[in-house]
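Enquirer: Below is one structure. I have some questions about it.
Readers should treat all values here as calculations from the given coordinates under stated rules, not as data from a laboratory. In this text the structure is predicted, and so the values were computed from the model without any measurement. FYI the Cβ positions are ideal-geometry reconstructions off the backbone, even for glycines, and counts take in every protein chain you see.
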Amino acid sequence: MSSLDQAVQTQLNNIQKKTGKSLDELAAFARNSGLSKHGELRDYFKERFGLGHGDANALVHEILRSAGAHQAEGKSETDVLAEIYSGPKAALRPIHEALMASINTFGGFEIAPKKGYVSLRRKKQFAMLGPATNTRFELGLNARDLPADPRLVEQPKGSMCNYIVKLTEASQVDASLIGLLKQAYEGAG
């Protein structure tokens with residue numbers, strides 16, 4: 001089992017402890033709720049069981065088996081990237097490549113391709129890379145105490161990342177941004 005799979009399993013185990021319900025019981029709550037959309041179910045679990053955004057999101061992914069990892073399962077990283085950066089999003093691939101060129105100099109880490117983005121992990125996730133729209137790329141960072149930078153958009157507590165940086169072209173991948181990424185990398189393990 002990869003460290004990413006272990007982390008997801010640990011999160012699911014913790015959700016079961018927090019709620020006092022098994023995954024099967026939680027899935028039954030989802031079925032009986034009359035809700036079918038991911039966001040509706042996520043909000044339902046947040047309200048009904050007091051789960052944080054990240055836990056509720058992971059739970060719904062597991063219940064619906066819609067998590068990006070499940071959708072990317074069995075595909076090579078090359079194939080997943082080709083799907084992510086196809087059509088109008090192809091113009092955003094140079095941003096991905098510029099970021100990865102720098103990140104690869106940091107040291108060892110795990111790449112976990114998802115359906116619409118790539119998760120980068122050491123002991124824990126430190127970054128998420130991928131297109132947010134056809135014209136905007138988002139770099140998600142998990143780090144504490146990052147120096148002030150006008151590009152850092154702080155995310156609500158419980159989000160998948162602490163910060164998001166919105167990029168539209170590869171020239172925005174500068175030394176300052178790589179420094180923030182390096183700090184997130186070092187803090188992950």
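Enquirer: As a check on your grasp of the helix formula, calculate [θ] at 222 nm for the chain: sum -39500 (n - 2.57) over DSSP H runs of n ≥ 4, divide by the residue count, round to the nearest 500.
Expert: Taking each H run of at least 4 residues, the total per residue is -14000 deg cm²/dmol.
Enquirer: Here's another thing I want to ask about it. Relative to the Cα centre, what is the charge dipole magnitude of the chain, using +1 at the beta carbon of each Lys and Arg, -1 at the beta carbon of each Asp and Glu, and rounding to the nearest 20 debye?
Expert: 360 debye
Enquirer: Using 0.36 nm times the number of residues separating ASN13 and PHE106, minus their current alpha carbon distance, what extension gain do you get?
Expert: Once the chain is fully extended between ASN13 and PHE106, it gains 30.3 nm.
Enquirer: Would you list which lysines come within 28 Å of LYS89, measuring only between C-alpha atoms, while excluding same-chain residues fewer than 8 positions from it?
Expert: Straight-line reach from LYS89, under 28 Å: LYS37, LYS75, LYS114, LYS115, LYS124, LYS166, LYS182.
Enquirer: Follow-up. What's the whole-number percent of alpha carbon pairs in segment 77-187 lying beyond 25 angstrom?
Expert: 13 percent
Enquirer: Continuing with the same structure: Starting from the Cα gyration tensor of the chain, multiply each eigenvalue by 5, take the square root, and state the resulting semi-axes largest first in whole Å.
Expert: Its equivalent ellipsoid spans semi-axes of 30, 18, 16 Å.
Enquirer: What is the Å³ per residue value for the convex hull set by the Cα atoms of segment 3-66?
Expert: 74 Å³
Enquirer: Using the Cα centre as the reference, give the magnitude of the dipole from point charges on the C-beta atoms of segment 77-187 (Lys, Arg: +1; Asp, Glu: -1; all else neutral), rounded to the nearest 20 debye.
Expert: Dipole size: approximately 320 debye.
Enquirer: Also, quick follow-up: Can you figure out the FRET efficiency of ALA175 with ARG144, using R₀ = 25 Å and their beta-carbon distance, to the nearest 0.05?
Expert: Step by step, r from the Cβ atoms, then E = 0.75.
Enquirer: Considering only PHE45, THR78, ILE103, whose Cα is most displaced toward the positive end of the charge dipole of the chain, charges sitting on Cβ of Lys, Arg (+1) and Asp, Glu (-1)?
Expert: PHE45
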